[in-house]
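Nothing in this text is a laboratory measurement; each read-out follows from the coordinates by a stated rule. Just so it is clear, the structure is predicted and the values come from calculations on it, not from any experiment. Every residue, glycine as well, gets a Cβ built from its backbone with ideal geometry; the counts of neighbours run over all protein chains shown.
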Amino acid sequence: MNRLNFRPQDWSKVEKEHNHIDSLQKELAINIERNNFATAELCAEDIISSIKEIRKLKKVKQEHERLMELAERLGQIGLNVEVVAR
């Protein structure tokens with residue numbers, strides 16, 4: 001995973017979710033091997049939830065970058081933009 005895909009303040013959460021996925025993958029494999037399919041399904045749902053959270057954090061970074069680009073373009077055409085709010 002590339003740190004540059006996330007805001008610095010989100011990186012610890014991204015790492016936490018990534019580590020959580022690693023742990024859940026091992027637990028998922030064990031539960032499938034033991035025919036504990038209900039528990040395996042819960043693990044899979046947790047994995048999906050963590051993946052969605054990582055994707056959300058990546059999207060936050062992309063939106064931030066677009067906002068910064070817009071502020072820069074506005075500055076280039078002479079608009080003094082110190083604070084941009086939605």
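Criterion first (without any contact (Cβ under 8 Å) to a residue 40 or more places away in the chain and either surrounded by 13 or more Cβ atoms within 10 Å (Cβ to Cβ) or among the aliphatic types (A, V, I, L, M) (or both)) does Leu57 satisfy it? Spelling it out, it is not the case that Leu57 is without any contact (Cβ under 8 Å) to a residue 40 or more places away in the chain and either surrounded by 13 or more Cβ atoms within 10 Å (Cβ to Cβ) or among the aliphatic types (A, V, I, L, M) (or both). Filtering Glu63, Glu27, Glu41, Glu45 for residues that are closer than 25 Å to Asn2 by Cβ and either part of a helix (DSSP H, G or I) or of a type in the set (Gly, Ala, Ser) (or both) leaves a single hit, Glu63.
Scan (1) buried (at least 16 other Cβ atoms within 10 Å of the Cβ); (2) more than 13 Å from the chain's Cα centre (by Cα); (3) hydroxyl-bearing (Ser, Thr, Tyr) for the single condition Ser23 breaks and write down its number. Looking at each condition in turn, Ser23 falls short on (1).
Checking each residue in region 2-16 for being touching a residue at least 40 places away in the same chain (Cβ under 8 Å) and not in a loop (DSSP other than H, G, I, E, B) picks out Asn5, Asp10, Lys13, Val14.
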